[in-house]
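Nothing in this text is a laboratory measurement; each read-out follows from the coordinates by a stated rule. Only a predicted model underlies this, so the values are computations on that prediction, with no experimental measurement involved. A quick note on method: Cβ atoms are made from the backbone with ideal geometry, for glycine too, and the neighbour counts reach across all protein chains shown.
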Amino acid sequence: MILAQNVPLQTYNSFGIAARAEYLVRVRDEADLQAVLRDARLAHLPRTVLGGGSNVVLTGDVRGLVLRVEVPGMRLWAQTERDIVIEAGAGESWHDLVVWTLAQGWPGLENMALIPGTVGAAPVQNIGAYGVELQDRFHSLDALDLLTGEVFTLDPAQCGFGYRDSVFKHSAGGPDGLGLAGRAVILRVRLALPRRWRPELGYLDLQRKQEAHGLAAPSAQQVFDWVCEIRRAKLPDPQVLGNAGSFFKNPTVSAEQCADIIAREPKVVHYPMPDGSVKLAAGWLIDACGWRGKTMGHAGVYERQALVLVNRGTPERPCTGGEVMTLARAIQTSVYERFGIRLEMEPVVI
Ligand SMILES: Cc1cc2nc3c(=O)[nH]c(=O)nc-3n(C[C@H](O)[C@H](O)[C@H](O)COP(=O)(O)OP(=O)(O)OC[C@H]3O[C@@H](n4cnc5c(N)ncnc54)[C@H](O)[C@@H]3O)c2cc1C
């Protein structure tokens, strides 16, 4: 285990916020974590788990110990009649895993191409894009319990997946008492890729691509290419413009609430859900409040997609986490005042 002190985190978070970690350990395997737990110097420090830093807002220097998960490895784990089960180390890049599976001839992850971050963070918020979520492909994961030092395995039901949600986002002291936030470090994730693969083309953007190319049955590689093209056109590249992707979750309202909003705002973008509720496009709500392209301090709202908050600073004077939070709260207030809807933030505030 290599322990570093006073480590700059600016390149370790996709917003490019210039915070520092009091201590940082790179976790390459379980033994690194066991060494952390045995080390008397580190015993009483607060711990923060960090992957690629693409879904966090750092509001200041991080006190205590940052565990940066870098566990490597990708392999075929099992084959069943229905699925190819693969296993990847938590520190692998999610997008690299998608590329690797396609190269092996195992489709199933292509709709989630180009989602930044690590494999280990993917179950934390049940990542998803273009009609497929992690839970649709999830098999199981191994994690280490920071309280006991034991490694345990969770199946899909035990992960409690929801829309951008899982047990890893809830603390043990929460209302259901089942949370694992801050307690579990995910080490390995296994995914089941269906042998009888069919393209998922339910999203309008993908249907448009399909029509434009006149392809009745596109290959997984074709879907991958379309998803990459769509994402590159819509979302800012964090290497060029710091951001954490969608900053707010799409809110869900009852059919009655939605009818009420439509009566006032006929153009509101909404998607009926199978359970009778209605999902509203958070980006549309923010846009309707006039936020697109606006800047407060050194944080701003992306001009091409109001759901994305961006770093409008410079490498020398990047936006601070405080500026991002001030902007986020101002947006929440104006959406609430106009639509009566409370927007929930998607990134984890540290
Ligand atoms: C441009 C852009 C586009 C994006 N598009 C999407 C999208 O389409 N869909 C989507 O769902 N998300 C999207 N995101 C959000 C982000 O990519 C995902 O949430 C991703 O899974 C975060 O991975 P990370 O490794 O960067 O996690 P981090 O930001 O490092 O961490 C996020 C949370 O997970 C925890 N965590 C990380 N690793 C582990 C681990 N090994 N064990 C336990 N806890 C851990 C952290 O403690 C933290 O609470 C986007 C982000 C950006 C910047």
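The figures follow:
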quantity: Subset tally (residues that are among the hydrophobic types (A, V, I, L, M, F, W, C) and part of a loop (DSSP other than H, G, I, E, B)) for the range 49-59; calculated: 1
quantity: Residues of the range 306-350 that turn out to be β-branched (Val, Ile, Thr), under 20 Å from residue 164 (Cβ atoms) and in a helix (DSSP H, G or I), as a count; calculated: 3
quantity: Test: residue 182 is assigned to a loop (DSSP other than H, G, I, E, B) and away from the ligand (no atom under 11 Å from the Cβ); calculated: no
quantity: Selected residue [touching a residue at least 40 places away in the same chain (Cβ under 8 Å) and surrounded by 19 or more Cβ atoms within 10 Å (Cβ to Cβ)] from 245, 202; calculated: 245
quantity: Some residue of the range 7-15 being in contact with a helix residue (DSSP H, G or I) (Cβ under 9 Å, 6 or more places away or on another chain) and surrounded by fewer than 22 Cβ atoms within 10 Å (Cβ to Cβ); calculated: no
quantity: Pairs, first within 6 Å of the ligand (Cβ to nearest atom) in the range 33-53, second charged (D, E, K, R) and not in a loop (DSSP other than H, G, I, E, B), C-beta under 6 Å, six or more apart; calculated: 50/68
quantity: When residues of the range 311-327 are limited to those that are surrounded by 21 or more Cβ atoms within 10 Å (Cβ to Cβ) and among the hydrophobic types (A, V, I, L, M, F, W, C), the one farthest from the ligand (Cβ to nearest atom); calculated: 327
quantity: Residue in the range 206-222 that is in contact (Cβ under 8 Å) with a residue 60 or more places away in the chain and in contact with a strand residue (DSSP E or B) (Cβ under 9 Å, 6 or more places away or on another chain) present; calculated: no
quantity: Odd one out for residue 301 among (1) within 17 Å of residue 57 (Cβ to Cβ); (2) crowded, with 21+ Cβ neighbours inside 10 Å; (3) out of contact with any helix residue (DSSP H, G or I) (no Cβ under 8 Å at 6 or more places or on another chain); calculated: (3)
quantity: Filter result for residue 259 (away from the ligand (no atom under 12 Å from the Cβ), farther than 22 Å from residue 335 by Cα and not basic (Lys, Arg)); calculated: no
quantity: Of all residues making up the range 60-76, the number that are aliphatic (A, V, I, L, M) and under 16 Å from residue 2 (Cβ atoms); calculated: 5
quantity: Sole exception among (1) closer than 25 Å to residue 66 by Cα; (2) away from the ligand (no atom under 12 Å from the Cβ) for residue 159, by number; calculated: (2)
quantity: In the range 61-116, the residues that are aromatic (Phe, Trp, Tyr) and more than 25 Å from residue 350 (Cβ to Cβ); calculated: 77, 100, 106
quantity: Residue match in the range 59-78 (condition: of a type in the set (Gly, Ala, Ser), touching a strand residue (DSSP E or B) at 6+ places or on another chain (Cβ under 9 Å) and surrounded by 20 or more Cβ atoms within 10 Å (Cβ to Cβ)); calculated: no
quantity: Cβ pairs under 9 Å, 6+ apart, first in the range 82-93 and touching a residue at least 24 places away in the same chain (Cβ under 8 Å), second within 11 Å of the ligand (Cβ to nearest atom) and basic (Lys, Arg); calculated: 87/188; 88/188; 89/188; 90/188; 91/68
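Rundown of residues vs (1) within 14 Å of residue 123 (Cβ to Cβ); (2) more than 10 Å from the ligand (Cβ to nearest atom); (3) touching a residue at least 12 places away in the same chain (Cβ under 8 Å); (4) buried (at least 17 other Cβ atoms within 10 Å of the Cβ), yes/no style:
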residue: 142; (1), (2), (3), (4): yes, yes, yes, yes
residue: 145; (1), (2), (3), (4): no, yes, yes, no
residue: 149; (1), (2), (3), (4): no, yes, yes, no
residue: 164; (1), (2), (3), (4): yes, no, yes, yes
residue: 188; (1), (2), (3), (4): yes, no, yes, yes
residue: 235; (1), (2), (3), (4): no, no, yes, yes
